[in-house]
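J.: Mind looking over this structure? Questions follow.
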Amino acid sequence: MRGENRGPWYLLTGLVLGILAGLLYAWLISPVQYTNTAPASLRGDFKDQYRTLIAVAYLSNTDFARAKARLDLLEDPDVVSALSLQAQLARQQGRPESEISALTALALALQGSPIVPTVLPSPSATPTRQLSPTVTPTQVVSLLSTLTPSQAAGSTALQTPTPSLTPLPTRTATPTPGAAFVLQDQALVCTPGTASLIQVEALDAAGQPIPGVEVSVRWEAGEDHFFTGLKLELSPGYADFAIQPDQTYQVRLSDDGELVSGLAAAECETESGERYWGSWKLIFQQP
Amino acid sequence: MRRWIGFLIAIALGAVLGLLYGWVVNPVEYVDTTPDSLRMDFKTDYVLMVAEAYQKEGSLGLAARRLALLGDASPAELIAQASLSAVQLGYSNLDLSIMQKLADDFQTWNPNLEEPAP
């Protein structure tokens, strides 16, 4: 009689025990092991490194389709923004210039300006980097054998592939050199609530923005160098630099561009009479 | 007896519900993983990228630091494993030779002579 009075609670107890047993097994006895993951699941900092590696590899092989396919693996919502933002962060963090230019070049390529490999006219001018097209699986297996401890030191078991005499293309991410940049326009830009900047726009002779142009800024206590194209959302030829009100600056594009000096922060005024620091916009163009 | 059978059935049903929840309703999402957990074909492509970047940058130290993200094995071992995988995956001879060039250079690499990372 007592048992009949208990009702169906024993079923609920069994259900709860079953769920607990399942969770115990899943979380403690056999927890999830992360294996066979995809690049999209990488932690943020590893994704950044992966993205940088894609960009540097792209500068090396200039294979846009391959770089694009690799970037797709990261599943960034906005690939161009991710690359541009990372290039800016890399500059702020003092990362090597090669990384910054690689990220910028890849971002530009995604916007329709891919790097075009250029072939040197003379084989005599070809660098010594030579790659063999004759590697076989056997050679790769032999590579493994050279890694055993007994053969490690001084081993020459790995066969060096026969160098090819075919001239290799030389690839570059730098913009096409042209005539020296000349200042076309200088204007004070008044935007309340923003930092005082020197804003530079580099244009070619046809008026098209040029990324990757080095901008040199000098002031009494120091100097800085940076490149156009790191803020693609504004313009591929754009770059800016925050200035201090008590300094005077000189700006030049490339080594042989026109020197613009005497730049100092200038005041702007709102309709209500409130004063703030404005920015200088300099437009340089190749003649 | 019937109670015990019902009790065991309830436990089994609970376990099934737990698995259903864990595998179908709210399955595990892999986030914040590390490169050493990548699938082998992704690792292989990662090593190829390191080799391609090495062609451009020429820094074995940098290549070694990048390869170290794939695990505790030596750079040469990591490249060898990736090369084998690359052969199985049908990589081009050019890609294989780029990886082999990196492996060749690691044979004579002395990490003690490397400058510290930036």
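The values are calculated or read from the model by the stated rules, or taken from the named source; none is laboratory data. Here the structure is a predicted model, which is why all the values come from computation and not from measurement. Note: ideal-geometry Cβ built from the backbone for every residue, glycine included; neighbour counts use all protein chains shown.
J.: What is the residue count in the range A:230-241 for residues that are in contact with a strand residue (DSSP E or B) (Cβ under 6 Å, 6 or more places away or on another chain) and under 19 Å from residue A:185 (Cα atoms)? Steps first, answer last, please.
T.: Taking the range A:230-241 and keeping what is in contact with a strand residue (DSSP E or B) (Cβ under 6 Å, 6 or more places away or on another chain), we get A:231, A:235-241.
From the residues that got through so far, the ones that are under 19 Å from residue A:185 (Cα atoms) too are A:235-241.
Of the residues in the range A:230-241, 7 are in contact with a strand residue (DSSP E or B) (Cβ under 6 Å, 6 or more places away or on another chain) and under 19 Å from residue A:185 (Cα atoms).
J.: Within the range A:74-89, can one find any residue that is within 10 Å of another protein chain (Cβ to nearest Cβ), exposed (fewer than 15 other Cβ atoms within 10 Å of the Cβ) and more than 14 Å from the chain's Cα centre (by Cα)?
T.: Here is the first cut: in the range A:74-89, the residues within 10 Å of another protein chain (Cβ to nearest Cβ) are none.
No, the range A:74-89 has no match at all.
J.: Okay, next question. List pairs: first in the range A:48-73 and more than 9 Å from every other protein chain (Cβ to nearest Cβ), second among the basic types (Lys, Arg), Cβ under 8 Å, 6+ apart or cross-chain?
T.: Short answer, once both residue conditions are applied: A:62/A:171; A:71/A:51.
J.: Any residue at all in the range A:31-47 that's within 25 Å of residue A:226 (Cα to Cα) and either out of contact with any Asp or Glu (no Cβ under 9 Å at 6 or more places or on another chain) or part of a helix (DSSP H, G or I) (or both)? Can you show your working first?
T.: Going through the range A:31-47, the residues within 25 Å of residue A:226 (Cα to Cα) turn out to be A:45, A:47.
Now restrict to residues that are either out of contact with any Asp or Glu (no Cβ under 9 Å at 6 or more places or on another chain) or part of a helix (DSSP H, G or I) (or both): A:45, A:47.
Yes.
J.: Next question. Inspect all residues belonging to the range B:81-94 and state whether any of them is among the hydroxyl-bearing types (Ser, Thr, Tyr), within 23 Å of residue A:61 (Cα to Cα) and surrounded by fewer than 15 Cβ atoms within 10 Å (Cβ to Cβ).
T.: Residues of the range B:81-94 that are among the hydroxyl-bearing types (Ser, Thr, Tyr), as a first pass: B:83, B:85, B:91-92.
With the extra rule that they be within 23 Å of residue A:61 (Cα to Cα), the set shrinks to B:83, B:85, B:91-92.
Now narrow it down to the ones that are surrounded by fewer than 15 Cβ atoms within 10 Å (Cβ to Cβ): B:92.
Yes.
J.: Could I ask something else about it? Of everything in the range B:60-72 that's more than 13 Å from the chain's Cα centre (by Cα) and more than 11 Å from residue B:102 (Cβ to Cβ), which residue is surrounded by the most Cβ atoms within 10 Å (Cβ to Cβ)? Spell out how you get there, then give the answer.
T.: Filtering the range B:60-72 for residues more than 13 Å from the chain's Cα centre (by Cα) gives B:60-65.
Going one step further and asking which of them are more than 11 Å from residue B:102 (Cβ to Cβ), we end up with B:61-62, B:65.
Numbers: B:61: 15, B:62: 20, B:65: 15.
Per the stated criteria, the residue is B:62.
J.: Select from the range B:92-115 the residues that are closer than 22 Å to residue B:37 by Cβ and at pLDDT below 95 and list them in ascending order.
T.: The first filter runs over the range B:92-115 and keeps only residues closer than 22 Å to residue B:37 by Cβ, leaving B:99.
Scanning the range B:92-115 gives no hits.
J.: Another question, then. Taking the stated definitions as given, is residue A:213 surrounded by 14 or more Cβ atoms within 10 Å (Cβ to Cβ), more than 12 Å from residue A:283 (Cβ to Cβ) and out of contact with any His (no Cβ under 6 Å at 6 or more places or on another chain)? First the steps, then the outcome.
T.: On the way: surrounded by 14 or more Cβ atoms within 10 Å (Cβ to Cβ): yes; more than 12 Å from residue A:283 (Cβ to Cβ): yes; out of contact with any His (no Cβ under 6 Å at 6 or more places or on another chain): yes.
Criteria met by residue A:213.
J.: For the range A:182-198, name all the residues that are crowded, with 18+ Cβ neighbours inside 10 Å and among the polar types (S, T, N, Q). Reasoning before the result, please.
T.: Of the residues in the range A:182-198, the ones crowded, with 18+ Cβ neighbours inside 10 Å are A:196-198.
Across the range A:182-198, the qualifying residue is only A:196.
J.: If I ask for residues that are surrounded by 13 or more Cβ atoms within 10 Å (Cβ to Cβ), more than 9 Å from every other protein chain (Cβ to nearest Cβ) and aliphatic (A, V, I, L, M), which ones from the range B:1-52 would you list?
T.: B:47
J.: Which one of these is more than 7 Å from chain A (Cβ to nearest Cβ) and in a helix (DSSP H, G or I): B:73, B:82, B:103? Walk me through how you get there before you give the answer.
T.: Details: B:73 fails: in a helix (DSSP H, G or I); B:103 fails: more than 7 Å from chain A (Cβ to nearest Cβ).
Going through B:73, B:82, B:103 in turn, just one is more than 7 Å from chain A (Cβ to nearest Cβ) and in a helix (DSSP H, G or I): B:82.
J.: Has the range A:221-231 got any residue that is among the aliphatic types (A, V, I, L, M), touching a Lys or Arg at 6+ places or on another chain (Cβ under 9 Å) and surrounded by fewer than 19 Cβ atoms within 10 Å (Cβ to Cβ)?
T.: Our first condition is that a residue be among the aliphatic types (A, V, I, L, M); within the range A:221-231, this holds for A:221, A:230.
Remaining after also requiring touching a Lys or Arg at 6+ places or on another chain (Cβ under 9 Å): A:230.
From the residues that got through so far, the ones that are surrounded by fewer than 19 Cβ atoms within 10 Å (Cβ to Cβ) too are none.
No, the range A:221-231 has no match at all.
J.: So, one more: Residues to consider are B:48, B:96; find the one that is without any contact (Cβ under 8 Å) to a residue 40 or more places away in the chain and either at positive phi or part of a helix (DSSP H, G or I) (or both). Even if it seems obvious, please write down each step before you answer.
T.: Working: B:48 fails: without any contact (Cβ under 8 Å) to a residue 40 or more places away in the chain.
After applying the criteria, what remains is B:96.
J.: Here is a further query. Hey, can you tell me all the residues within the range A:199-210 that are aliphatic (A, V, I, L, M) and loosely packed, with under 13 Cβ neighbours inside 10 Å?
T.: Hits for the range A:199-210 are A:205, A:206.
J.: Turning to a different aspect of this structure: Taking the stated definitions as given, is residue A:24 surrounded by 16 or more Cβ atoms within 10 Å (Cβ to Cβ) and not assigned by TED's automatic domain parsing to the domain that holds residue A:231?
T.: Details: surrounded by 16 or more Cβ atoms within 10 Å (Cβ to Cβ): no; not assigned by TED's automatic domain parsing to the domain that holds residue A:231: yes.
In short, no.
J.: Further, regarding this structure: Please enumerate the residues belonging to the range A:34-47 that are more than 7 Å from chain B (Cβ to nearest Cβ) and either surrounded by 18 or more Cβ atoms within 10 Å (Cβ to Cβ) or over 15 Å from residue A:82 (Cα atoms) (or both). Outline the logic, then answer.
T.: Step one: list which residues in the range A:34-47 are more than 7 Å from chain B (Cβ to nearest Cβ), which gives A:40, A:44-45, A:47.
Passing the criteria: only A:47.
J.: Name the pairs whose Cβ atoms lie under 7 Å apart, with the first residue in the range A:95-107 and away from chain B (no Cβ under 11 Å), the second surrounded by fewer than 24 Cβ atoms within 10 Å (Cβ to Cβ) and basic (Lys, Arg), and 6 or more positions between them or separate chains?
T.: A:100/A:91
Condition check ((1) modelled with pLDDT under 50; (2) surrounded by 13 or more Cβ atoms within 10 Å (Cβ to Cβ); (3) out of contact with any strand residue (DSSP E or B) (no Cβ under 7 Å at 6 or more places or on another chain); (4) part of a loop (DSSP other than H, G, I, E, B)) across all residues:
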position	(1), (2), (3), (4)
A:106	no, yes, yes, no
A:109	no, yes, yes, no
A:115	no, yes, yes, yes
A:124	yes, no, yes, no
A:131	yes, yes, yes, yes
